[in-house]
1. Is at least one residue of the stretch 106-119 closer than 17 Å to Leu61 by Cα, in a helix (DSSP H, G or I) and over 15 Å from the mean Cα position of the chain (by Cα)?
2. Working only within the stretch 44-64, note down all residues that are assigned to a loop (DSSP other than H, G, I, E, B) and either at pLDDT 85 or above or not acidic (Asp, Glu) (or both).
3. Any idea which of (1) touching a residue at least 24 places away in the same chain (Cβ under 8 Å); (2) surrounded by 12 or more Cβ atoms within 10 Å (Cβ to Cβ) is the one Ala28 doesn't satisfy?
4. For the stretch 125-155, how many residues are part of a loop (DSSP other than H, G, I, E, B), at pLDDT 95 or above and open to solvent by 50 Å² or more (accessible area, probe 1.4 Å)?
5. Is at least one residue of the stretch 104-117 at pLDDT 95 or above, buried (at least 16 other Cβ atoms within 10 Å of the Cβ) and farther than 16 Å from Val86 by Cβ?
6. Has the stretch 80-90 got at least one residue that is assigned to a helix (DSSP H, G or I), surrounded by fewer than 17 Cβ atoms within 10 Å (Cβ to Cβ) and modelled with pLDDT under 70?
Amino acid sequence: MRECPERTIEVIDTKAVAGAQRFQVLAAAMAAEKGWPIEQIRERLEQIHQQTELLFTVETLKYLAYGGRIGRVKAIAGSLLNVKPVIRLDEDGVLTTQGQAHSRKGARVAIVKELIKTFGTDEPLWVTVLHGRWPEEAALLAEELNDALNIERMDSIRISTILGIHTGPGV
C-alpha cells in the first residue's frame, strides 16, 4: 500500500452501485480536480444521488437466489412463469421490485415507462446502459431510451464481474 500523507481521503457512502455510483465517482473526481472543498463535493454527490435512478432486469432469477437476494421458491416460480423483474435501487441503496414483465422486450418497455414517469420527456439526461454479456440487448434499450427521452449523453458499459456474480450474464 502506498502512503500519501499529502492527500486527504474521504469515505462517502454513495448508497449506489454500478452506473448510479459511477455518476457520483466521476463528479467527485472532477470537483476535486477543480479544487472544490470536501463539503461542497459531499453536497453535490447528495444532489446527484437524489437525481439518479437505477433500474435493471435479469434474464433469470437463479443468480439473485444464489446470492440470497430472493428466495429459492420465488426464483423457481419466476423461472416457470418466465418473469423478468424490473428492479430499482431505492434512495437507501436497497433493491426493490418496481414491476415485472414476461419478456425482455416487456422489461425494456417497463424501464422506459418508469424513466418517463420519473423524468418526463423534456429534461436532458445522462444515461448509462449497463449489461452483462448482452451488448445487443443493451443497444436495443439504448435505442428505445433515445426514442422516448431527451438523452444528452448516452454511455453503454459492461458490468463488473462482481455484479455479474449476483445478477448473471443476462442483466
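1. Looking only at the stretch 106-119, we keep the residues that are closer than 17 Å to Leu61 by Cα, and these are 106-108.
Narrowing the set further to residues that are in a helix (DSSP H, G or I) leaves 106-108.
Keeping just the survivors that are over 15 Å from the mean Cα position of the chain (by Cα) gives 106.
Yes: the stretch 106-119 contains one or more residues that are closer than 17 Å to Leu61 by Cα, in a helix (DSSP H, G or I) and over 15 Å from the mean Cα position of the chain (by Cα).
2. Residues satisfying the conditions are Gln51, Thr52, Glu53, Leu54, Val58, Thr60, Leu61.
3. (1)
4. Quick first cut of the stretch 125-155, residues part of a loop (DSSP other than H, G, I, E, B) only: 132-134, 149-150.
Then drop every residue that is not at pLDDT 95 or above, which leaves 149-150.
Adding the requirement that they be open to solvent by 50 Å² or more (accessible area, probe 1.4 Å) leaves 150.
Within the stretch 125-155, residues that are part of a loop (DSSP other than H, G, I, E, B), at pLDDT 95 or above and open to solvent by 50 Å² or more (accessible area, probe 1.4 Å) number 1.
5. No, the stretch 104-117 contains no residue that is at pLDDT 95 or above, buried (at least 16 other Cβ atoms within 10 Å of the Cβ) and farther than 16 Å from Val86 by Cβ.
6. Of the stretch 80-90, the ones assigned to a helix (DSSP H, G or I) are 80.
If we keep only those that are surrounded by fewer than 17 Cβ atoms within 10 Å (Cβ to Cβ) too, we end up with 80.
Among the residues that remain, those that are also modelled with pLDDT under 70 are: 80.
Yes.
The values are calculated or read from the model by the stated rules, or taken from the named source; none is laboratory data. Remember, it's a predicted structure, so these values are computed and weren't measured experimentally. Every residue, glycine as well, gets a Cβ built from its backbone with ideal geometry; the counts of neighbours run over all protein chains shown. All accessible areas refer to the heavy atoms of the entire protein, side chains included, with ligands and DNA or RNA removed. Shrake-Rupley method; radii C 1.70, N 1.55, O 1.52, S 1.80 Å.
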